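Participant: Take a look at this one; I'll ask things after.
The values are calculated or read from the model by the stated rules, or taken from the named source; none is laboratory data. Worth saying up front: this structure is predicted, and the values here are computed from it rather than measured. All Cβ positions, glycine included, derive from the backbone under ideal geometry; neighbour counts span all protein chains shown. Note: areas computed on protein heavy atoms with side chains; ligands, DNA, RNA excluded. Shrake-Rupley method; radii C 1.70, N 1.55, O 1.52, S 1.80 Å.
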Amino acid sequence: MPVPSAEPDLVGRNHDPDLLLQAEAITKTFPGVKALSDMRFDLRKGEVLALVGENGAGKSTLMKLLTGIYPMEAGQVWLDGEPLQVRNPKEAQERGLSIIHQEFNLMPHLTVAQNIFLGREPLAAGFFTQPRQLERRTRDLLDRLGLPLDPNALVSTLTVARQQMVEIAKALSYNSKVLIMDEPTAALNEAEVETLHGLIRRFVTPETGVVYISHRMPELKRIADRITVIRDGHYVDTVNTAETTVSQVIARMVGRQIDTSARPENVRGDRPVLMSVRDLSTKSLLREVSFDLYEGEILGFAGLMGAGRTEVARAIVGADPRARGTIVLRDREISPRNPAQAAKFGIGYLSEDRKRYGLMLDQSVSFNTVISSLADTFSTAGFVDFGGIARVSQEQREALRVKTPSINQLVRNLSGGNQQKVVIARWLVKNCDVLIFDEPTRGIDVGAKDEIYTLLNRLASEGKSIIMISSELPEVLRLSHRVAVMSQGRLSGILPAADATQEAIMALATHPDEPPADAITTAEDLR
């Protein structure tokens, strides 16, 4: 490990006893990119410090340096007044630093209990795992944290939100002084976010603290004591949460003001119906889901976790088998057997789990951008148009502002938000009539979100029809011409934009038998 260049005594002699974690003059360079330059920040004892910045600003890189995932190139770190130098995450955990990554670090073929205590399983005679004791320890931990997880469930069977809960439980199972959370709520709905915030408040004591990285700005006002802003690898400012506004924080992050109050108009009744779904049902959850999707409309889908939002999308594109129901696209009934066939019909699907279903991580940005269009757009008589591929990939990179040194860069090396942009680019190149976006801005910073919002509105204005599924109600309200609300596998109502409020949506999501007066609840009322 390289010797840090900063002088320890410079800060060590004047260490503030109220500081739990302190970093100064942190620098990190990757090939062709200076990720951090003279970075600094501090975490006080007993506080939650929010760390914010656009994708590529250096947030995750800084946290990986602190926890030994990346070697320190230059700079100095102190934990509780003592110099901190760690060579790997295990050493960091032993010193009292735990990190929950934005991308999961779980073994899908193992159980919840095995993932949480991996490498720390209770053993008999020093060799054999004791399953009952492992289950008991896990149940005690989950009950203490208030997490609704089965210790014996395979992680591969869990939803994205519940996999995130496993990551949280694993991190909190260590006796940590500092807990670093990198986008912990990206896959959680509002109720689950409140559960997480309760866990954080119970964790924070006069001797512990939390570094909380999130792009969901409203959360910061509820959970963070201070907010540190970084931009392009540089420290910008630290402010007291109670003394600032979300708009001011965003302006510091992106260097410009962003309008977060825009709302769409109601969809015009004279628009033609592009796709009609009737009585869509699956064996596992969905029951008689019916709705129309208008040409040039953004139809938002809202609801609590497990309500069936994602399942509707997966059933439409053939990722999940339908028990019954019909899908009519441009007056033609279709029955896609898988997402690839759905794309041929003109329906593009962006999954909520981009790494499992959306990307080929060891392929280039260019390859991932054109893969769905390769056969029908970029090849003729067996010859591949590499020039066209490069041109279109570069156009998408520039249009979506994908931060990458080159379109030949491996997607694995991009930040989470930029990976999401590459998936979106793929369906823009495919030029589908219907685009289904499941959590399109998951893990994307507010500046990039604004760009995605502008893009979706532009696509709708050009006649594309969009189904947008999101756990963030402000996002649903900002983008949707109408809001379809799911509850327990049923469509409990559809609200026009003018009548859609967070209260009205939650009423439909939690009390489907008592819909608001303005909600459309029957197939006959869909027009």
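Participant: Scanning segment 3-29 for residues that are small (Gly, Ala, Ser) and either modelled with pLDDT of 50 or more or within 33 Å of the chain's Cα centre (by Cα) (or both), which turns out most open to solvent (accessible area, probe 1.4 Å)?
Facilitator: Among those that are small (Gly, Ala, Ser) and either modelled with pLDDT of 50 or more or within 33 Å of the chain's Cα centre (by Cα) (or both), it is ALA25.
Participant: Tell me, please, whether a residue that is of a type in the set (A, V, I, L, M, F, W, C), surrounded by fewer than 22 Cβ atoms within 10 Å (Cβ to Cβ) and under 20 Å from VAL422 (Cβ atoms) can be found in segment 322-336.
Facilitator: Within segment 322-336, none of the residues are of a type in the set (A, V, I, L, M, F, W, C), surrounded by fewer than 22 Cβ atoms within 10 Å (Cβ to Cβ) and under 20 Å from VAL422 (Cβ atoms).
Participant: Would it be correct to say that THR129 is open to solvent by less than 60 Å² (accessible area, probe 1.4 Å) and either farther than 27 Å from HIS215 by Cα or touching a strand residue (DSSP E or B) at 6+ places or on another chain (Cβ under 7 Å) (or both)?
Facilitator: No; evaluated as a whole, the condition is false for this residue.
Participant: Report every pair of residues separated by at least 6 positions or lying on different chains whose Cβ atoms are under 8 Å apart, first residue within segment 286-315 and touching a residue at least 24 places away in the same chain (Cβ under 8 Å) and farther than 22 Å from ARG442 by Cβ, second in a helix (DSSP H, G or I) and of a type in the set (Val, Ile, Thr).
Facilitator: So the pair list comes out as LEU286/VAL312; VAL289/VAL312.
Participant: Please tell me if LEU188 is among the aliphatic types (A, V, I, L, M), in contact with a Lys or Arg (Cβ under 9 Å, 6 or more places away or on another chain) and not in a helix (DSSP H, G or I).
Facilitator: no
Participant: Sticking with this one: Could you list, ordered by first residue, the pairs with Cβ atoms under 7 Å in which the first is in segment 135-152 and acidic (Asp, Glu) and the second is surrounded by 14 or more Cβ atoms within 10 Å (Cβ to Cβ), at least 6 apart or interchain?
Facilitator: Sorted first by the residue in segment 135-152, then by its partner, the pairs are GLU135/ALA113; GLU135/PRO151; GLU135/ASN152; ASP150/VAL112.
Participant: Given the conditions (1) open to solvent by 10 Å² or more (accessible area, probe 1.4 Å); (2) modelled with pLDDT of 90 or more; (3) out of contact with any strand residue (DSSP E or B) (no Cβ under 9 Å at 6 or more places or on another chain), report the number of the one that ASN115 does not fulfil.
Facilitator: Just one mismatch for ASN115, condition (1).
Participant: With the requirement that a residue be in a helix (DSSP H, G or I) and open to solvent by less than 70 Å² (accessible area, probe 1.4 Å), what does segment 134-153 give you?
Facilitator: Scanning segment 134-153 gives LEU134, GLU135, THR138, LEU141, LEU142, LEU145.
Participant: Scan segment 73-114 for residues that are in contact with a Phe, Trp or Tyr (Cβ under 8 Å, 6 or more places away or on another chain) and part of a loop (DSSP other than H, G, I, E, B) and jot them down.
Facilitator: LEU84
Participant: From the residues in segment 342-379 that are farther than 12 Å from LYS430 by Cα, open to solvent by 30 Å² or more (accessible area, probe 1.4 Å) and assigned to a helix (DSSP H, G or I), which one is modelled with the highest pLDDT?
Facilitator: PHE367
Participant: Quick check: is even one residue across segment 154-170 charged (D, E, K, R) and either open to solvent by less than 20 Å² (accessible area, probe 1.4 Å) or in contact with a His (Cβ under 8 Å, 6 or more places away or on another chain) (or both)?
Facilitator: yes
Participant: Select from segment 171-212 the residues that are among the β-branched types (Val, Ile, Thr) and surrounded by fewer than 21 Cβ atoms within 10 Å (Cβ to Cβ) and list them in ascending order.
Facilitator: VAL193, THR195, ILE200, VAL204, THR205, THR208
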